[in-house]
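FYI, it's all coordinate maths here, none of it is from the lab. These numbers were taken from a predicted model, which means no experiment stands behind them. With ideal geometry, Cβ positions are generated from the backbone for all residues, glycine too; neighbour counts draw on all protein chains shown.
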Amino acid sequence: MLGTYQKLGEGRSRSPIPMGRRERKRGGDRGGETDWMDVVEVKNAPPLELNLKGLKITSPRGEADRYMNAGKTLEKVKEKVDSAKLKHRSSLKLWDWQKYKLYNTYDDLQRGHVARIKDINRRHMENLRIGKNPPPNQVVTGIDRVHWTDLSIEDFIEKYQKPEIPVIITGLTDTWKAQKNWTIEELFTGKYRNCRLKIGEDDDGYTIRIKVKYFLNYMMHQKDDSPMYLFDGTFDEDGIEREMLDDYEIPFYFKDDLFNLVSERRRPPYRWFLVGPKRSGTSAHTDPLGTSAWNALVYGRKRWILTKPGTRKRQVKGYHLRRKGEDGEASTYFSYVLPRILKEEAEKKNRDMGIREVIQEPGEVIYVPGGWYHAVLNITDTVAVTQNFCARAQFLKIWRHARKGRKKMSQKWLSKLKEEHPDLAEMALKCNDDDGFEFKKSSKKKKKKKIEEVELGRGSVQEEKTLGFRWE
């Protein structure tokens, strides 16, 4: 899977060109134990369908829903989805969405990576169980996977939150209503089927929405290189979709959210309901304002890559490794660009990206600390919920981001902190003093002050013209 590929010019195939045996081995055993180079060559990796066993759709009701069991995308759905595609990515024609026919090679490309990542994480957990440190200077390492009954809140804070280390926690979603209400079958036929949720934005920033049942019909039959992604952050506002809030609960590790002091209207967007078709995903990014995030996967499987804080954006995104015709979409990144990034990292003497990879299984919750670049690929159709939050352990880092990016909110936040958490308010004020930061008056207040000065005869002639004053 890792290797050189044909350039993606007009009319060229995206199928990989195998590397020679010598090139495959190069750099594979630097820094002690090998990690990814040898595992990639797993020739007996199971077909992706078997690897993802247990996720087939079966109708739960005697009376089949026509959107669910349609043999192809219905004309009504196709019309709505095509319209959404043209609005969401106006630079593309409809046929461009399947230009490279990734659906033909996707399973073959991913199944070797899935086997490789599972092997890395198996060895990682074996080392964790026997108390052995992972080999130094690896290209890729795994992520701790812990059942919630073996991880107290205090241990979570000390082992993962304070040192800012990702972790997967299992068993947290076992009692959620979402385990029933968010299956593909239930979303097709249940109470949320007619909810209109967000699948993108047009060029003017207006939200594009579609009914859940239409989107799921599209998801079942789509062959797009990078499919539409239902990524809705307003499901909690009104309508029947608000009942989704009762289908899950915030895991107790993440309830310490200092942004709760700010009103829903003022705080940044922070929770999303996600339905991701196979091959969809998100490109490499860090979460806004330095916040941390948790992502609970109810259905399907996701592939994650994370890199430690401080990694350069150019390295993570692999701009210098893209070839003609390759975009920044998740399917392209994971299938073609990421293997080149891993190969480049393997050939370094000092590997500095701190790459971690993992396959998130159904029912698992992944914790992503603030500042970690991460990208996600939906290996299968998926349903998930995610939230960003500000924990006490990361307060100062987030405060530095928020006071610049969300000035008005930060001032309200500071006043609330003085009431509820005076110790944190003191930290914020000291941080401002140490950094020489002060909140500047808003442009409206400045303008009002200038108007008062002009009215009193103290304003300049230029200010009089700018503010629209005309003296008789």
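Could you please report the charge total around Asn388, scoring K, R as +1 and D, E as -1 over all other residues with beta-carbon less than 12 angstrom from its beta-carbon?
My count for the surroundings of Asn388 gives 0.
Which of the trypsin sites (Lys or Arg not before Pro) across the range 327-369 are loop residues per DSSP, with 13 or fewer other Cβ within 10 Å?
Lys349
Show me, bin by bin at 5 Å from 0, the whole-percent P(r) of the range 187-241 based on Cα pairs.
Reading upward from the zero bin: 4, 18, 27, 26, 16, 7, 2.
Kirkwood hydrodynamic radius, computed over distinct alpha-carbon pairs, for the range 230-269: how many Å, to one decimal?
11.9 Å
Please report the spacing between the Cα centers of the range 130-160 and the range 237-289 in Å, no decimals.
25 Å
Going by Cα centres, the range 298-330 and the range 354-428 are how many Å apart?
20 Å
May I ask for the Rg/Rh ratio of the range 248-290, computed from Cα atoms with Rh as the Kirkwood radius, given to two decimals?
1.02
With a cap of 12 neighbouring Cβ atoms within 10 Å, and only residues DSSP puts in a loop, list the GluC sites (Glu not before Pro) found in the range 217-306.
Passing both the DSSP loop test and the Cβ count: Glu237, Glu264.
Restricting attention to the range 289-397, which GluC sites (Glu not before Pro) occupy a DSSP loop and are surrounded by at most 13 other Cβ atoms within 10 Å?
Here the sparse-neighbourhood loop sites are Glu347.
Can you give the translational diffusion coefficient of the range 71-113 in µm²/s, computed by Stokes-Einstein from the Kirkwood radius over Cα pairs at 10 °C and 1.306 mPa s?
Reported coefficient: 129 µm²/s.
Take the residue pairs Lys85/Lys118; Lys87/Lys308; Lys118/Lys177; Lys85/Lys223; Lys278/Lys308 and return only those whose Cα atoms are more than 25 Å apart.
Check vs 25 Å cut-off fails for Lys85/Lys118; Lys87/Lys308; Lys118/Lys177; Lys278/Lys308.
Take Lys162 and Asn137, extend 7 Å from each Cα along the Cα→Cβ direction, and tell me the distance between the two endpoints in nm.
3.1 nm
Placing +1 at every Lys and Arg Cβ and -1 at every Asp and Glu Cβ, with all other atoms neutral, what dipole size does the range 68-161 have around its Cα centre, in debye to the nearest 20?
Using only the charged Cβ atoms, the result is roughly 640 debye.
Grab the other residues whose beta carbon is less than 14 angstrom from that of Met244, score K and R as +1, D and E as -1, and report the net.
-2
Quote to one decimal, in nm, the extra length available between Lys408 and Lys191 on full extension: 0.36 nm per residue of separation minus the C-alpha distance between them.
74.3 nm
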